[in-house]
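The values are calculated or read from the model by the stated rules, or taken from the named source; none is laboratory data. Since this is a predicted model, take the numbers as computed values, not measurements. Every residue, glycine as well, gets a Cβ built from its backbone with ideal geometry; the counts of neighbours run over all protein chains shown. To get the accessible areas, we keep the full protein, side chains included, count just its heavy atoms, and leave off ligands, DNA and RNA. Shrake-Rupley method; radii C 1.70, N 1.55, O 1.52, S 1.80 Å.
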Amino acid sequence: MRTGVIKGLGSALPDQILTNHDLEAMTDTNDAWIVDRTGIRERRVGGMTSELAVRAGRQAIERSGLDPASIELVVLATTTPDQTVPATASTVQAQLGLRSGAFDVNAACSGFIYGLVAAQAMISMGMGNILVIGCDSLSRITDYHDRGTAILFADGAGAVVLEAREQPEASLLSWNLGSDGTAAGILYADIGGVLVMEGREVFRRAVRVMVDSARAALDAAGIDIADVALVVPHQANLRIIESAASKLGVDMQRVAVNIERVGNTSSGSIPMALTDAVGKGQLSPGDLVLLVGFGAGMSWASALLRWDGA
Ligand code: COA
């Protein structure tokens, strides 16, 4: 079977730290409320999407040990491209010195999983190694006078290199991709505008779609949640993660969480949390790992992978 094995991971954050105390000076909020309601203490802001994506992508390629010339495609999940045209993936490809195809994916905070599944499909059709990056610079579209959104959103990037291999079992066991465009109005940004959100409604739906999507992916592979070593959820709000984990029957020891210091980085969130978890030794070869995301659209996405030990 031809499949894409995660060989290298990378991540990148801007240098500028924005703490909850910094936000107190910008809008009517306070550290205790933010920590209690979201689990976030600080986040990083600044920089362009291409800049963060290049840093994360370069690290993933270096750690993969693969020849950069073997990378045939750059897939960049982002909802904050540098420009409307061209695709930011092309800017990233040029700055990484790659000779490959390049395209952007926009499925908001579910984007990285959409990109990963698309990349796996292309490898199964015969393509070679693929760099998949999730990156957003949400600070560029956040209104820091709006306490409903300013406390959550931030900038960051995560990346994986998929090595195309022939092996007995696929690395991607199953997936679930979905969207409900009738809910577009609860979280959006117009072109040139800032993020507008109905927080309570997003929260309510987020828990439901995460649980449903995760279950659909597990069912498609015939896997019980008890056999999953690690769940890597979109880092939107610690209470959303805890609520979804409890409904899925997973204790928090088996859930990757890094939201406390990075906030919600949209497309960057899941690959960054995965990179951090691997760095902390939370995954061993052969483990099952379940990625689960949701976001504006609404969109949702899950991917169940067998870890091959990057
Ligand atoms: N600082 C201090 N107080 C705040 C506040 C803030 N930033 N935001 C709201 N409050 C106050 C409200 O005024 C309200 O006060 P009241 O009870 O006196 O009327 C109270 O806190 C509760 O407000 P509510 O809007 O119900 O808060 P909440 O618990 O739903 O938390 C969010 C707000 C935004 C943190 C939460 O709804 C959320 O995380 N939603 C999901 C957002 C998300 O994940 N988006 C990204 C999707 S990819």
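So here's what we get for this one:
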| item | result |
| --- | --- |
| Whole-Å semi-axes of the chain's equivalent ellipsoid (Cα gyration tensor) | 28, 23, 17 |
| Rounded accessible area of Asp190 (nearest 10 Å², 1.4 Å probe) | 110 |
| Three-way shape call for segment 229-286 based on the alpha-carbon gyration tensor, with the a/c threshold at 1.5 | oblate |
| GNM result for the chain, Cα springs below 10 Å: residue of Asn30, Asn20, Asn176 fluctuating most strongly | Asn30 |
| Cα gyration tensor shape of segment 28-139, rounded if a/c is under 1.5, else prolate or oblate by comparing a/b with b/c | prolate |
| Estimated distance in nm for a label pair at Ser124 and Tyr188, the labels positioned 7 Å out from Cα along Cα-to-Cβ | 3.4 |
| Estimated vicinal HN-Hα couplings, Hz - segment 45-55 in sequence order (Karplus 6.51, -1.76, 1.60; Gly, Pro = x) | 9, x, x, 9, 4, 4, 5, 5, 5, 5, 4 |
| ³J(HN,Hα) computed for each position of segment 201-210 - Karplus, 6.51 cos²θ - 1.76 cosθ + 1.60, integer Hz, glycine/proline x | 5, 4, 4, 4, 6, 4, 4, 5, 6, 5 |
| Residue-averaged 222 nm ellipticity for the chain, from DSSP H runs of 4+ at -39500 (n - 2.57), nearest 500 | -10000 deg cm²/dmol |
| Surface accessible to a 1.4 Å probe, per residue, for the residues of the chain, Å² | 39 |
| Label point at Asp28 placed 7 Å out along Cα→Cβ; residues across segment 133-163 whose backbone nitrogen lies under 17 Å | 144-151 |
| Net charge dipole size for segment 172-306 [Lys, Arg +1 and Asp, Glu -1 on Cβ; Debye, nearest 20] | 140 |
